[in-house]
1. Counting residues that are within 26 Å of residue 116 (Cβ to Cβ), more than 12 Å from the chain's Cα centre (by Cα) and at pLDDT 80 or above, which helices (runs of 4 or more DSSP H) fully inside the stretch 1-67 reach at least 1?
2. Out of curiosity, is residue 103 over 18 Å from residue 71 (Cα atoms) and modelled with pLDDT of 95 or more?
3. Is it the case, given these coordinates, that residue 137 is loosely packed, with under 14 Cβ neighbours inside 10 Å, farther than 19 Å from residue 33 by Cβ and without any contact (Cβ under 8 Å) to a residue 12 or more places away in the chain?
4. Would you confirm whether any residue within the stretch 165-185 is at pLDDT below 90, in contact with a helix residue (DSSP H, G or I) (Cβ under 8 Å, 6 or more places away or on another chain) and surrounded by 14 or more Cβ atoms within 10 Å (Cβ to Cβ)?
5. When you go through (1) without any contact (Cβ under 8 Å) to a residue 60 or more places away in the chain; (2) surrounded by 16 or more Cβ atoms within 10 Å (Cβ to Cβ) one by one for residue 118, which number turns out not to apply?
6. Which residues, counting only those in the stretch 83-111, are closer than 20 Å to residue 55 by Cα and surrounded by 15 or more Cβ atoms within 10 Å (Cβ to Cβ)?
């Protein structure tokens, strides 16, 4: 029992002191929770797809959290400081570089994790990523302006994950409810 107690003590210490582990813990909660909530809200879905929730857990913890951590570290090295110009630079760079990569990885990665072909993943990206990017431009710049100006470095990933919960509900909706749609249908949303 003591070994188990020491294990949990080390885990909690690591989560408390290391941004990557804190982000992985947070995303391993928010990503599956977003998928779960989206499925509950989908009146056409008869039962919860726990396999999908598992995929969101793995994807959030082991793909998105490490990538987001690398991104935050990169952007903090490119724009050292917290002046208003630095903050706008971080947010602008994020919307130009990180967001398109993120949406591509999200749609492609989950499509492949679902057992579909490489070409299906590319089609999913082509069909949905640009619209998602445009919607994201109405949400993330303001949140990230606040994040970079008021949240400490060690908690930025947690901030992103917390607000990302609502975004993950939307992403899950676009990924699974709009599955097989054409870009023209998505444009009408």
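The values are calculated or read from the model by the stated rules, or taken from the named source; none is laboratory data. None of the values given here were measured: they were computed from a predicted structure. Backbone-built Cβ (ideal geometry, glycine too); neighbour counts: all protein chains shown.
1. By residue number, 19-41, 50-59.
2. No: the conditions fail for residue 103.
3. No.
4. For the stretch 165-185, residues at pLDDT below 90, in contact with a helix residue (DSSP H, G or I) (Cβ under 8 Å, 6 or more places away or on another chain) and surrounded by 14 or more Cβ atoms within 10 Å (Cβ to Cβ): present.
5. Going through (1) without any contact (Cβ under 8 Å) to a residue 60 or more places away in the chain; (2) surrounded by 16 or more Cβ atoms within 10 Å (Cβ to Cβ) one by one, residue 118 breaks only (2).
6. 102, 103, 104, 105, 106, 107, 108, 109, 110, 111
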